[in-house]
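Contents: one structure, followed by commentary.
The values are calculated or read from the model by the stated rules, or taken from the named source; none is laboratory data. Treat the numbers as computed from the prediction; the structure is a model and nothing was measured. Note that we place each Cβ from the backbone using ideal geometry, even for glycine, and neighbour counts take in every protein chain shown.
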Ligand SMILES: Cc1cc2nc3c(=O)[nH]c(=O)nc-3n(C[C@H](O)[C@H](O)[C@H](O)COP(=O)(O)O)c2cc1C
């Protein structure tokens, strides 16, 4: 039996009824988002990913978001050195699950848009309307060199991405045999069938941090990932309002999301100790320093205190918001984020498979009781 065709709004709601959507971020990469030496760090291999997706699907998690990474960061662990390509990863997970939305994270400058549109449509049909697209323009030059593709100047990356997504949306619409002549793309007789599942299109997200990246998200995307403030909920709420106001000015509506790193244990002390052990005492500092160097973050470019804060922030889940504590504390932090206007959050764990069952058993129920999530399985 086929699932009913999803509308764009049910795709945007990740097919659920949750005021605070919860996803998993980074499981397609070795070590996930934890730059750590601990032996239980995430394998990122296919059997673990498949087990995780089935577990997440059964527990009512809303989405899985992968990282488009082509080269690791080195260090003692070659952090994120082994990665599963995200559209094929999503396709396999969609075939193995029933409810989850699974994103592909696609580098616009590397993927020909006609090929990408068809790959994504194929994933979308296999998932019966549960594929999502995370557009990234790239920032890591070493990755681009490997493809023989020159990294464009920052503003031009998004100008190119605009043409790329315009072509893809046209292919996904009912247009056929059209030409596209932009500043970058010159293509003739473009045709792409089938169309996405159920007569709509995949949900589209972007996580640009610059003003240009954010403007791109507001103009083109259904979901925008922003950085939550580590210190001020008010500041997070202001960032959400800014993005949503900008969308409203274009008669658009955009869901705002963020990323978090969870360490949830029966007591606050146990959670803090585990976090300290994995992400501070056993951090893979040489990998952290290599990431910082790529981003031009060094004691030469920043005042020392700011550099040290950034260094520890990258070790602790690549800048994601730490959610560290007992289930009451973690649920309260998540409720605060919802209160600040966020639509959802993509979480990572040191070992997703080991830690997700406890999170789901203890935190999800608390979120249900707060009215932020529908009863799991509902
Ligand atoms: C949730 C999230 C996921 C991201 N995924 C990727 C990714 O997989 N690959 C990548 O190259 N960049 C990724 N990025 C980086 C952003 O796409 C973006 O390039 C970055 O935030 C810098 O913003 P800017 O492009 O506006 O300068 C991600 C960022 C966030 C917050």
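Pairs needed: first member in the range 96-115, on the phi > 0 side of the Ramachandran plot; second member anywhere, surrounded by fewer than 21 Cβ atoms within 10 Å (Cβ to Cβ) and assigned to a strand (DSSP E or B); C-beta distance under 8 Å; at least 6 residues apart or different chains. Nothing qualifies.
Evaluate the following for residue 41: is it away from the ligand (no atom under 16 Å from the Cβ), outside any loop (DSSP other than H, G, I, E, B) and at pLDDT 95 or above? Answer is no for this residue.
On inspection, residue 47 fails the criterion of being over 26 Å from residue 146 (Cα atoms), free of Cβ contacts under 8 Å to residues at least 40 places away in the same chain and either in a loop (DSSP other than H, G, I, E, B) or within 15 Å of the ligand (Cβ to nearest atom) (or both).
Assess whether residue 244 counts as being surrounded by fewer than 20 Cβ atoms within 10 Å (Cβ to Cβ) and closer than 25 Å to residue 338 by Cβ. It is true that residue 244 is surrounded by fewer than 20 Cβ atoms within 10 Å (Cβ to Cβ) and closer than 25 Å to residue 338 by Cβ. Taking the range 81-172 and the helices (runs of 4 or more DSSP H) fully enclosed by it, the elements with 1 or more residues that are within 19 Å of the chain's Cα centre (by Cα) and more than 11 Å from the ligand (Cβ to nearest atom) are at 86-96, 113-126, 154-172. Against the test of being modelled with pLDDT of 95 or more and under 30 Å from residue 144 (Cα atoms), the options 72, 60, 104 yield a single qualifying residue, 104. Using the structure shown, decide if residue 64 is crowded, with 23+ Cβ neighbours inside 10 Å and in a strand (DSSP E or B). Spelling it out, residue 64 is indeed crowded, with 23+ Cβ neighbours inside 10 Å and in a strand (DSSP E or B).
Does residue 70 satisfy being crowded, with 24+ Cβ neighbours inside 10 Å and either touching a helix residue (DSSP H, G or I) at 6+ places or on another chain (Cβ under 7 Å) or outside any loop (DSSP other than H, G, I, E, B) (or both)? The answer is no for residue 70.
Any residue in the range 330-348 that is crowded, with 20+ Cβ neighbours inside 10 Å, within 16 Å of the ligand (Cβ to nearest atom), at pLDDT 95 or above and assigned to a loop (DSSP other than H, G, I, E, B)? Yes: one or more hits. Per this entry, residue 366 is not counted among residues that are free of Cβ contacts under 8 Å to residues at least 40 places away in the same chain, more than 19 Å from residue 13 (Cβ to Cβ), over 19 Å from the mean Cα position of the chain (by Cα) and surrounded by 20 or more Cβ atoms within 10 Å (Cβ to Cβ). Note on the range 177-282: enclosed strands (runs of 3 or more DSSP E) holding 1 or more residues that are within 16 Å of the ligand (Cβ to nearest atom) and either at pLDDT 95 or above or within 27 Å of residue 318 (Cα to Cα) (or both) are 203-206, 223-225, 255-264.
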